[in-house]
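One structure is given below, encoded as structure tokens.
Throughout, read-outs are computed from the coordinates displayed, never taken from laboratory work. Here the structure is a predicted model, which is why all the values come from computation and not from measurement. Cβ placement follows ideal geometry from the backbone for every residue including glycine, while neighbour counts extend to all protein chains displayed.
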Amino acid sequence: MSLIKLEGINKYFDKHHVLKDISLEIEEGDFMTFLGPSGCGKTTTLRILAGLEHQEEGLIVISDKLVADGQAQFFAPPAERHLNLVFQNYALWPHMTVFENVSFGLEGRKRNKKEIRERVESSLEKLQILAYKDRYPSELSGGQQQRVAIARAIVTEPKILLLDEPLSNLDAKLRVEMRAELKRLHHELRTTMIYVTHDQVEAMTMSTKIAVFSEGRILQVDKPIQLYQYPAHLTVAEFVGNPANNFLDATCRESSKTTFHIHSALGEMVMSTDWIERIEKDVVLTVRPEDLLISRTPQKGSVSGTVRAVLPAGPETTIHIQCGETILLAKEMGVGTYLPDSTVYIKANLEGINLYDRTSGLRLN
Ligand code: ATP
């Protein structure tokens, strides 16, 4: 049973159709990330879920309760949706101390002073900022301010926590640290978290599920590893993964009842037909850099190429190889041993190959 259900959400800003039939289910305890490039509708979806923005069409159900129905113009106020939001720009009160900022949400909820203090201190402790409780926001670093904003959001123990690019104002090192913190917090609190980002590494490392957005639509909702290995759409295959995926023009030919041949810059490969639902003549083939096997001598089924660039990144090295007209990216573990302008032989791991319909962009295998 899902905790949150969005069904057929359509949203317009003036005549601009920004959300197109968004449907999504989120399970209790999920860390769901909305991933996609700028302007694709992630924040608007989050705000509609929170009740800060209203959709023209579509339903929202939280814990089996209908909280919004666009056509009926029914929208439960944010406070009745059992969720809390953390924004990109912390939005802390400058004239209040850390303690006061965090306790603000608890006051007026008929709690005694002792209970408030215990709960605030427990939240601050979870975010490892208890020592700063008497400081003002201006006396904290960006990372500490962000922790205060998160402590304030969890102090009321919301069932659902919404986070809109919460780490984007932090420097690269702090962002990596905070990813681990948020993941630990999710594990500890078991709160359902919905996280907005355009950073695919952030999405891959933190989420239990990712919804990939593009131009107001959701292209795929899946576990991170599924999304990486089997992108449902070319746009997902392009957006997820670093270094980038390889895209090759390819032609398919059925060669027997059980096999077909596929021809591309990687040569001729023979695949089994039950691997693919329907064989189309012209397709796009993708293969991740780590699924290209490089060698110095020809191997059965390999094609030759020329090393164009070698990009070491510490534990691994990315190698750009020219194969005919196509530049392919391959990976070598450790410090690269291939030299620019040398001839190499490459071969694809068949299990790492996906084929896509050229027109619709949908995966065929
Ligand atoms: P970003 O990562 O840049 O925040 P996003 O994926 O979250 O992008 P949204 O903020 O949801 O995208 O915006 C979706 C589209 O709706 C964009 O084209 C944006 O310009 C438009 N939009 C968002 N808010 C408004 C508004 N209040 N009025 C008019 N257009 C808006």
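Quick notes on this one:
- Estimated distance in nm for a label pair at ARG308 and SER256, the labels positioned 7 Å out from Cα along Cα-to-Cβ: 3.7 nm
- Built amide H within the under 5 Å cut-off of LEU328, gap 5+: ILE321, GLN322, CYS323
- Summed residue charge, Cβ within 14 Å of THR286's Cβ, Lys/Arg positive, Asp/Glu negative: -3
- Between segment 269-322 and segment 201-216, the alpha-carbon center distance in angstrom: 26 Å
- Projecting the Cα atoms of VAL98, MET1, LEU285 onto the dipole axis of the chain, where Lys and Arg carry +1 and Asp and Glu carry -1 at the beta carbon, places VAL98 farthest toward the positive end.
- When the Cα positions of ALA348, HIS320, GLN88 are compared along the charge dipole of the chain, GLN88 comes out farthest toward the positive end, with charges on each C-beta of Lys, Arg, Asp and Glu.
- Simple Cβ-charge dipole of the chain, Lys/Arg +1 and Asp/Glu -1, about Cα centre, in debye nearest 20: 700 debye
- In order through segment 315-324: 3J(HN,Hα) via Karplus (6.51 cos²θ - 1.76 cosθ + 1.60), integer Hz, x for Gly, Pro: x, 8, 10, 9, 10, 8, 10, 8, 10, x
- With contacts taken as Cα pairs under 8 Å and at least 6 residues apart, the chain reaches a relative contact order of 14 percent.
- Here the extension length gained between HIS17 and PHE87 equals 22.8 nm, from 0.36 nm per residue of separation less the Cα-Cα distance.
- Computed over the chain, the per-residue total of -39500 (n - 2.57) for DSSP H runs of n ≥ 4 gives a 222 nm mean residue ellipticity of -6500 deg cm²/dmol, rounded to 500.
- Signed unit charges on C-beta, dipole axis of the chain, positive-most listed residue LEU170, PRO158, ILE48: PRO158
- Ignoring lysines fewer than eight residues from LYS114 along the same chain, the ones with Cα atoms less than 19 angstrom from its Cα are LYS126, LYS133.
- Cα long-axis angle, helix 142-154 against the chain (0 to 90 degrees, to the nearest 10): 70 degrees
- Separation of segment 146-195 and segment 59-131, taken as the distance between their Cα centroids, equals 13 angstrom.
- Over 25 Å (Cα to Cα) - which of LYS209/LYS331; LYS223/LYS257; LYS20/LYS65; LYS15/LYS209; LYS42/LYS183; LYS11/LYS223 fall in this group: LYS209/LYS331; LYS223/LYS257; LYS15/LYS209; LYS11/LYS223
- Virtual paramagnetic centre 7 Å along Cα→Cβ of ARG278, amide N under 16 Å, in segment 331-365: 355-365
- Taking the C-alpha atoms only, the angle from helix 172-189 to the longest principal axis of the chain is near 70 degrees.
- Measuring r between the beta carbons of GLU290 and LYS159 and using R0 = 25 Å, the FRET efficiency lands at 0.05.
- Lys, Arg +1 and Asp, Glu -1 on Cβ, resulting dipole of segment 1-114 about Cα centre, debye, nearest 20: 560 debye
- Label-point separation, THR208 to GLN299 (7 Å along Cα→Cβ), nm: 3.8 nm
- Efficiency of FRET between GLU125 and ARG217 - r from beta-carbon atoms, R0 35 angstrom, step 0.05: 0.25
- The length gained on full extension between GLN226 and LEU66, counted as 0.36 nm times the residue separation minus their Cα-Cα distance, comes to 54.5 nm.
- Among 198-211, 63-76, 345-358, sorting by the average number of other beta carbon atoms lying within 10 angstrom of each residue, highest first, gives 198-211, 345-358, 63-76.
- Nearest 10 degrees, 0 to 90: helix 113-126 Cα axis against the chain principal axis: 20 degrees
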